[in-house]
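The values are calculated or read from the model by the stated rules, or taken from the named source; none is laboratory data. If you're wondering where the values come from, they're calculated on a predicted model, not measured in any experiment. Cβ placement follows ideal geometry from the backbone for every residue including glycine, while neighbour counts extend to all protein chains displayed. Heads up: the accessible areas ignore ligands, DNA and RNA and are worked out on the full protein's heavy atoms, side chains in. Shrake-Rupley method; radii C 1.70, N 1.55, O 1.52, S 1.80 Å.
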Amino acid sequence: MNSHIRRVFPVALIVVSALSFFSCRGPTTKRYPFTGRVVSVDTVAESAVIDGDAVPGFMEAMAMPYKVKPSATLSHLLPGDSISAEVVVVRKNYEAPDYWLENVKVIRHIDSPHTTGANSLHMPAPEEEVPDFSFTNQSGQHISLKQYRGNVLLVTFIYTRCPFPDFCPRVSGNFAEIYKQIGANPNLVGTHLLSISFDPERDTPKVLRDYGFSVAHTHDPALFNRWEFAAPRSDDLPKIADFFALTIKPEGGTITHNLSTAVIGPDGKIVKWYHGSDWQPSDLIRDTASAHERKS
């Protein structure tokens, strides 16, 4: 054994021992003071989308879904309410941290649950007709929502540079699972997927095309026959975001945002709308089957 190996071997043992020590540590729990504004409430998922202020030592300001404990607290929350709470963060070895809100208190209610006006939040409702929004897809073609009439359309919102695993990558992964079942699952006959970017300046047709191939794990152009990737004109983005309850806030090279996914029936009306990422491919497939039944 040469001198270099003799020097490295003890160091390697120390590193391995240290990693073994840290990997065997139990979960650690931290609590952070939290303030924000309620965007939407989902009592079924026991969560709420909160436009949260920055939490020093944990995260920047951003709108995202939070589990709320106890879930009964959700019955006291309305979109627009300002809240204070504690973010509970549990880290287990090298796994992604688990987190939720506790001790949620409303520090300012909206004036009325029926408030309307420039600052009110629209949330898509079943049977609501979707406006005929227009986009440019991954092939540089102009498309509009009206052209999908007669089919069930699954719509979600992403931006290709999104760095948060539980946001755009997660919903794109779920869409990829649904895409794999098209052709084999009878509930998906005539179903079309549309991923819409809210970053039209950077998400050009070429970028969207490459992103589509990446998330679908294929380079077959036939992908885009059933799953398209598109972006609106910048001038159209605010009204699209408003209809789909999408909050967007560019910050420091990234975009703070919430999530919005919709099932649109063959008649061009909302079948189901989901905020956050607390849905599974099976949920949208079930909704698609329901939309087909309604058509028949």
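Kindly evaluate residue 173 against the criterion of being small (Gly, Ala, Ser) and farther than 29 Å from residue 79 by Cβ.
The answer is no for residue 173.
Run residue 177 past the list (1) surrounded by 21 or more Cβ atoms within 10 Å (Cβ to Cβ); (2) acidic (Asp, Glu); (3) in contact (Cβ under 8 Å) with a residue 60 or more places away in the chain and report the number of the one that doesn't hold.
Residue 177 satisfies every listed condition except (1).
Which one is most open to solvent (accessible area, probe 1.4 Å) among residues in the range 271-296 that are in a loop (DSSP other than H, G, I, E, B) and polar (S, T, N, Q)?
If we take residues in the range 271-296 being in a loop (DSSP other than H, G, I, E, B) and polar (S, T, N, Q), then 296 is most open to solvent (accessible area, probe 1.4 Å).
What's the number of the only condition in (1) open to solvent by 20 Å² or more (accessible area, probe 1.4 Å); (2) in contact with a strand residue (DSSP E or B) (Cβ under 9 Å, 6 or more places away or on another chain); (3) modelled with pLDDT of 80 or more; (4) not aromatic (Phe, Trp, Tyr) that residue 49 fails to meet?
The single condition residue 49 does not satisfy is (1).
Strands (runs of 3 or more DSSP E) wholly in the range 117-195 with at least 3 residues that are touching a helix residue (DSSP H, G or I) at 6+ places or on another chain (Cβ under 7 Å) - which ones?
So the answer is 152-158.
Could you count how many residues in the range 154-173 are aromatic (Phe, Trp, Tyr) and under 21 Å from residue 137 (Cβ atoms)?
2
Scan the range 221-248 and report the pairs whose first residue is among the β-branched types (Val, Ile, Thr) and whose second residue is in a helix (DSSP H, G or I) and surrounded by 14 or more Cβ atoms within 10 Å (Cβ to Cβ), with Cβ atoms within less than 8 Å and a gap of 6+ or a chain change.
From residues that are among the β-branched types (Val, Ile, Thr), the pairs are 247/241; 248/237; 248/241.
Just to be sure I understand the filter: pairs with C-beta atoms under 6 Å, separated by 6 or more residues or on different chains, first member in the range 59-83 and surrounded by 15 or more Cβ atoms within 10 Å (Cβ to Cβ), second member assigned to a helix (DSSP H, G or I). Which pairs pass?
Going by the 6 Å Cβ cut-off, the qualifying pairs are 68/74.
Kindly establish whether residue 188 is out of contact with any Asp or Glu (no Cβ under 9 Å at 6 or more places or on another chain), modelled with pLDDT of 95 or more and open to solvent by less than 10 Å² (accessible area, probe 1.4 Å).
No.
May I ask you to say which residue of 197, 214 is open to solvent by 50 Å² or more (accessible area, probe 1.4 Å), at pLDDT 95 or above and not charged (D, E, K, R)?
214
Give the residues of the range 200-211 that are open to solvent by 70 Å² or more (accessible area, probe 1.4 Å) and within 21 Å of residue 249 (Cβ to Cβ), sorted by residue number.
201, 202
Could you tell me which numbered condition residue 147 fails, if it satisfies all but one of (1) at pLDDT 85 or above; (2) open to solvent by 70 Å² or more (accessible area, probe 1.4 Å); (3) within 24 Å of the chain's Cα centre (by Cα)?
(3)
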